[in-house]
Amino acid sequence: MTHFTALFFIVGICVFHINAQANEKIRVVTEEWPPYNYTNDEGEVVGLATEVLKTVLREADIDYHIEMLSWSRAYKLAKKQSHTLIYTIYQAENRESQFQWICPLINTSSLNVYALKSRADITLLTLAELKQFTVGSTERSFLYDYLINQGFEVGKNLDSASDEEANIRKLFRGRIDLVAQEELPFKMRLAKAGLSFDDVKHVHTLFPNASNKSCMAMSLSTPKVLVEKIRKALQKVNDKRANRLSSN
């Protein structure tokens, strides 16, 4: 092989590698969590967090497709599969070592604990007092893990459902006593189910500073160079947004 041929061969490999990286595609998984990530009437995945996600991946020049799944399934896939990204996910201490984190994605509000107004036996509660009642959660959610760490027990005072819509149905049917959700998503879910926010009451607030922990995350088996590429794109998007706000 001549020096020229060898050089041509090496350049060809480099170009192929660059093109392969540019055309890299990832799998994005999420849950129905309006107004952050949800499916609209046309079947498109939209929402406040979704729009930021799309902008970031466009900035990073990464192809993707978004799948709407139950939270437990999305969580398991993102934890095990390479080139898989999950959003919107709270960054918590017990999750730190399970994912490669890309933060912050978007500001979210604190979680409120709600009961039916008809439950006169349930008033404003402390965290310890919540244990007297059954709280509905979704498996592998931030709330689920937090309550387990606080001493709640599945089958005793913690109930697990596939999604938050199921928890709402259980609440109104008297199968659980409490649910914990953000106010705006909770209102939207109730309206979609034909139920009224006026029929529930706020009895406790969890994680008042949760807005600092709303992120994207990728599996540990995903190449670090790809994760870093998305992190840099997120930083650019956030910097542009900050500059626009400061100039107004």
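The values are calculated or read from the model by the stated rules, or taken from the named source; none is laboratory data. Note that this is a predicted model, so its numbers are computed, not measured. All Cβ positions, even for glycine, are placed from backbone atoms using ideal geometry, and neighbour counts span all protein chains on display.
What are the residues in segment 167-180 that are outside any helix (DSSP H, G or I) and closer than 11 Å to Val135 by Cα, if any? Arg175, Ile176, Asp177, Leu178, Val179, Ala180, listed by residue number.
Here Met218 passes the criteria (1) part of a loop (DSSP other than H, G, I, E, B); (2) in the same structural domain as Ile66 (by TED's automatic domain parsing) except the one numbered (1). Among residues of segment 226-248 that are in the same structural domain as Val28 (by TED's automatic domain parsing), those with a beta-carbon under 6 Å from a residue that is modelled with pLDDT of 90 or more and of a type in the set (Val, Ile, Thr) at least six positions away or on a different chain give the pairs Ile230/Ile102; Arg231/Ile102; Ala233/Val56; Leu234/Val56; Leu234/Ile102; Val237/Thr55; Val237/Val56. Here is the figure for segment 81-101: residues that are modelled with pLDDT of 95 or more and over 17 Å from Gly47 (Cβ atoms) total 9.
Return a yes/no flag: does segment 190-202 have any residue that is buried (at least 22 other Cβ atoms within 10 Å of the Cβ) and outside the structural domain of Lys54 (by TED's automatic domain parsing).
Going through segment 190-202, the residues buried (at least 22 other Cβ atoms within 10 Å of the Cβ) turn out to be 200.
When the remaining residues are screened for being outside the structural domain of Lys54 (by TED's automatic domain parsing), the result is 200.
Yes: segment 190-202 contains one or more residues that are buried (at least 22 other Cβ atoms within 10 Å of the Cβ) and outside the structural domain of Lys54 (by TED's automatic domain parsing).
Do we find that Lys213 is closer than 30 Å to Lys54 by Cβ, surrounded by fewer than 21 Cβ atoms within 10 Å (Cβ to Cβ) and touching a Cys at 6+ places or on another chain (Cβ under 9 Å) in this structure? For Lys213, the condition - closer than 30 Å to Lys54 by Cβ, surrounded by fewer than 21 Cβ atoms within 10 Å (Cβ to Cβ) and touching a Cys at 6+ places or on another chain (Cβ under 9 Å) - is met. When segment 57-71 is filtered for residues that are more than 17 Å from Lys224 (Cβ to Cβ) and either touching a helix residue (DSSP H, G or I) at 6+ places or on another chain (Cβ under 9 Å) or assigned by TED's automatic domain parsing to the domain that holds Glu139 (or both), the ones remaining, listed by number, are Leu57, Arg58, Glu59, Asp61, Asp63, Tyr64, Ile66, Glu67, Met68, Leu69, Trp71. Listed by position, the strands (runs of 3 or more DSSP E) enclosed by segment 23-109 that each have at least 3 residues that are touching a residue at least 60 places away in the same chain (Cβ under 8 Å) and crowded, with 16+ Cβ neighbours inside 10 Å are 84-90, 99-102.
If only residues of segment 114-162 that are in contact with a Phe, Trp or Tyr (Cβ under 6 Å, 6 or more places away or on another chain) and assigned to a loop (DSSP other than H, G, I, E, B) are counted, the one that is modelled with the lowest pLDDT is Arg140.
Of all the numbered requirements in (1) free of Cβ contacts under 8 Å to residues at least 12 places away in the same chain; (2) assigned to a loop (DSSP other than H, G, I, E, B); (3) among the aliphatic types (A, V, I, L, M), Leu195 misses one, and that requirement is (1). Among the residues here, Ser118 qualifies as touching a residue at least 24 places away in the same chain (Cβ under 8 Å), loosely packed, with under 14 Cβ neighbours inside 10 Å and farther than 24 Å from Glu51 by Cα.
Considering only segment 58-74, I want to know if a residue exists there that is modelled with pLDDT of 95 or more, hydrophobic (A, V, I, L, M, F, W, C) and within 20 Å of Asn107 (Cα to Cα). There is no residue in segment 58-74 that is modelled with pLDDT of 95 or more, hydrophobic (A, V, I, L, M, F, W, C) and within 20 Å of Asn107 (Cα to Cα). Please indicate, with yes or no, whether at least one residue in segment 145-163 is crowded, with 18+ Cβ neighbours inside 10 Å and touching a Gly at 6+ places or on another chain (Cβ under 7 Å). Looking through segment 145-163, at least one residue is crowded, with 18+ Cβ neighbours inside 10 Å and touching a Gly at 6+ places or on another chain (Cβ under 7 Å). Within the set Phe207, Phe142, Phe186, the sole residue that is in contact with a Ser or Thr (Cβ under 7 Å, 6 or more places away or on another chain), closer than 22 Å to Ser110 by Cα and touching a residue at least 40 places away in the same chain (Cβ under 8 Å) turns out to be Phe207.
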